[in-house]
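The values are calculated or read from the model by the stated rules, or taken from the named source; none is laboratory data. From a predicted model like this one, the values you see are computed outputs, not experimental measurements. Cβ coordinates were reconstructed from backbone atoms using ideal geometry, including for glycine residues, and neighbour counts include every protein chain displayed.
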Amino acid sequence: MRRILIIAGSLAAIAVGADALLWRVATDGLISGVDRFAAQATRQGWVVNHGTAICPCRASGWPFAARVHIASPAITGGDRLVPGGLAWSADHLVVSLSLRHPTRLTVEVWGIERLRVSHAPTLIFSAAHLGVDVPLGGGLAGVAMLRASGITGGIAGSGHPQDVRLDDLSLDFRANPQAPGQGGKSGLGVGLDIGASGIGLPDSRRWPLGGTVAQASGSIFVWSPPLPFWDADSGGLLGSEPRAQAEAWRDGGGTVKISDLDLRWGPLLLHASATLGLDPRLQPAGEGTADVSGLPGTLDALADGEAIAPGLAATFKAVLAPMPHVSLARQASARVDGAALRLPFVVRDNTLSIGQIPLIHMNDIAWRAPPPYLRAVP
C-alpha cells in the first residue's frame, strides 16, 4: 500500500509540475502574442497603448487556463479604413487561453469602455459580461464570436451616461479568403451575424412604438475583390486614400448583402433583405424587399405619438391595403403566423424609396468627412 501511495503521489507531482510548466509556456505565449499584435498594429499606423508594460502585467488562471491582465488598453488609428479613424479604450482587458481548448483565444473586457467611430461622438458603455472568442491559426478563416449582456451606454457629454441599454448582444464574424464574387472571381468574403434583444432607447424623447426594441437581428455579407493596396504579409491596407479604396472595391464588383434582417418593435414586425453596392459617384445604391407586419397598429401608434398626422396614417392604410401580402409563417426567422405586406425598396441617387415613393434622403459620403446622416424627405 505504501508503495502504491508513493507511486500515486509521484504521478500527481509530475502531473502538477507538467501542468504548471504548460501554464507558464501558455502565459509567456500570450504575452508574446500581445506584443506581436501591438507591434504589427503599430507598423500599420495604429497607436497602441496599455497602462502597464506587457511583461510585468498580472497573470492568473492556473491550473486550467492561462490569463494575462492588461490595464488601460487603448488603440487609435484606422484612417485608411474609416474616414476620421477609430478610437477604443477600456479600463481592463483579460486575454486567456484554456488548456483544455488551446485553439481558441478568449478576450474579456472589464469596466468602462469608450468607442469613437469616424467623427461621431464618443460612446461610453459598460457590460455585465463582454467576451470575444477568437480562433487561433488558419489566417482569416474561422469564426470569431462576441457575446455580451447587460450593456448600458451613452454619448460622452450628453449628461445621460446610461441612455441606451441592451439585454443581450451577439456578433459572429467569419471570413473566407477565397469566397467567389461576381463572375466567379476570387476575393475576400466577410460575414457578420448580429443578434440583439431588449434594446432600451434613450428616455430623452418619446418613442411612439415604445421605448424598447424587442429584437433586432440579421446577417451581413461583404464580398471584396483583391484590392491593389492589400498587403498579404501584414494583413492590412497599404497607404491609399479612402476614395481610391472605394473606387477599387466598386470597380472590382464589391457588394454588401443583407439577409434575414428581423426587427420587432412594438406592433411592428419587419423581415428584409437587400443587396447594395456603390454607384458611379461612390454613393450607396441597391435594392431589396421588406415584409412588414402590424402596419395598421404601427401607423396608429405613430399618429398617436404625433410622429405623423392622423390623416396621413389613414391615407397610408388605404394605399397599402390592396398591395400584395405574404405569409410570415413561411419566414423561419420571423417565427410568427399571419400576413405581411411585401414592399420592394430601392436605394438610388441618395434616396431610399418604397415603390415610387421617396422616403429617406441620405447626404453624400465624402470619404474624408463624417459618415452620412439620414433625414426624412420633406
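Laid out as a table, the results:
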quantity	calculated
Any pair with Cβ under 6 angstrom, 6 or more apart, that starts in region 341-356 at a residue that is on the phi < 0 side of the Ramachandran plot and ends at one that is charged (D, E, K, R)	342/291; 346/287
For residue 280: the one exception among (1) surrounded by 13 or more Cβ atoms within 10 Å (Cβ to Cβ); (2) closer than 30 Å to residue 219 by Cα; (3) at pLDDT 70 or above	(1)
Selection within region 248-269 - aliphatic (A, V, I, L, M) and at pLDDT below 90	248
Any hit, region 75-98, residues being modelled with pLDDT under 85, more than 30 Å from residue 365 (Cα to Cα) and basic (Lys, Arg)	no
Complete set of residues in region 244-287 that are of a type in the set (Gly, Ala, Ser) and within 21 Å of the chain's Cα centre (by Cα)	246, 254, 259, 272, 273, 274, 277
Yes/no for residue 84 being more than 22 Å from residue 194 (Cβ to Cβ) and not in a strand (DSSP E or B)	yes
Selected residue (only one of 346, 326, 319 is more than 20 Å from residue 268 (Cα to Cα) and modelled with pLDDT of 55 or more)	346
Qualifying residue in region 252-270 (condition: more than 22 Å from residue 192 (Cα to Cα), of a type outside the set (D, E, K, R) and surrounded by fewer than 16 Cβ atoms within 10 Å (Cβ to Cβ))	no
Qualifying positions in region 193-208 - farther than 22 Å from residue 150 by Cβ and either assigned to a helix (DSSP H, G or I) or at pLDDT 80 or above (or both)	206, 208
Residue match in region 353-360 (condition: closer than 30 Å to residue 78 by Cα and either at pLDDT 55 or above or exposed (fewer than 12 other Cβ atoms within 10 Å of the Cβ) (or both))	yes
